[in-house]
Amino acid sequence: MRRFLLLASALSVIFSLWNPGVSIAKENPASDFTLPDVNGKKISLSEFKGKVVILNFWATWCGPCRAEMPSLNKLYLEFKDKGLAVIAVSVDTSEKPVKSFIKKHNLSFPVLMDKNKAVSFDEYGVLGLPTTFIIYKNGFIAEKIIGEREWNSPRIKEKIIRLLRGGK
């Protein structure tokens, strides 16, 4: 399974490098789920309804995933008081490397564990990492983004501001 995930992640990176602007518009409701965070506390996506949510699927062994986390944290810290939520869902099979990564990078948003990949692969159809869903305040998926991004870029900040104001 890990070889498959590594291959899928590599293909995702190659595809995003070939076409870095790729994103797939979706106007479907985001599937609700409940997963434990790295400390075992259960958190549901539905708890964030009314906020713009960035739902990021990642793993500590995924280079592009690790690379984008600091900018995702900066974006979260800038907009969390304005209605942005970031939820990272790790597909790692152990909390230990995830906790270490969180501590090392001082991540401020919740990091959930999807050890059996039921949410990431079964519910959200994630085939490569990182894969991110941007979810409107009403719980519908605004966009699916495949591959690494610089989340603190002016273009993404403009998009987040527009979504926070209720636009598309």
Q) Can you find a residue in region 125-148 that is in a helix (DSSP H, G or I) and either under 13 Å from the mean Cα position of the chain (by Cα) or farther than 21 Å from residue 50 by Cβ (or both)? A) no
Q | Residue satisfying all of: in region 27-62; charged (D, E, K, R) and not in a loop (DSSP other than H, G, I, E, B); nearest to the chain's Cα centre (by Cα) among these | A | 37
Q: Determine whether region 55-73 contains at least one residue that is more than 23 Å from residue 31 (Cα to Cα), of a type in the set (A, V, I, L, M, F, W, C), modelled with pLDDT of 95 or more and surrounded by fewer than 15 Cβ atoms within 10 Å (Cβ to Cβ).
A: yes
(Q) Test of understanding: among 96, 51, 115, 41, which residue is under 19 Å from residue 145 (Cα atoms) and modelled with pLDDT of 95 or more? (A) 51
Q. So how many residues does region 89-120 have that are touching a Phe, Trp or Tyr at 6+ places or on another chain (Cβ under 6 Å) and either among the hydrophobic types (A, V, I, L, M, F, W, C) or closer than 18 Å to residue 50 by Cα (or both)?
A. 3
Q | Filtered residues of region 121-168 (kept if of a type in the set (Gly, Ala, Ser), closer than 21 Å to residue 78 by Cα and surrounded by fewer than 16 Cβ atoms within 10 Å (Cβ to Cβ)) | A | 153, 166, 167
Q. Can you find even one residue in region 107-120 that is in a loop (DSSP other than H, G, I, E, B) and crowded, with 21+ Cβ neighbours inside 10 Å?
A. yes
Q: Please tell me if residue 78 is acidic (Asp, Glu) and under 11 Å from the mean Cα position of the chain (by Cα).
A: no
Q) When you scan region 63-75, how many residues do you find that are of a type in the set (Gly, Ala, Ser) and under 14 Å from the mean Cα position of the chain (by Cα)? A) 2
Q: Could you please find all residues in region 74-105 being outside any helix (DSSP H, G or I), over 12 Å from residue 61 (Cα atoms) and of a type in the set (A, V, I, L, M, F, W, C)?
A: 84, 85, 86, 87, 88, 89
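The values are calculated or read from the model by the stated rules, or taken from the named source; none is laboratory data. These figures come from a predicted structure and were not determined experimentally. All Cβ positions, even for glycine, are placed from backbone atoms using ideal geometry, and neighbour counts span all protein chains on display.
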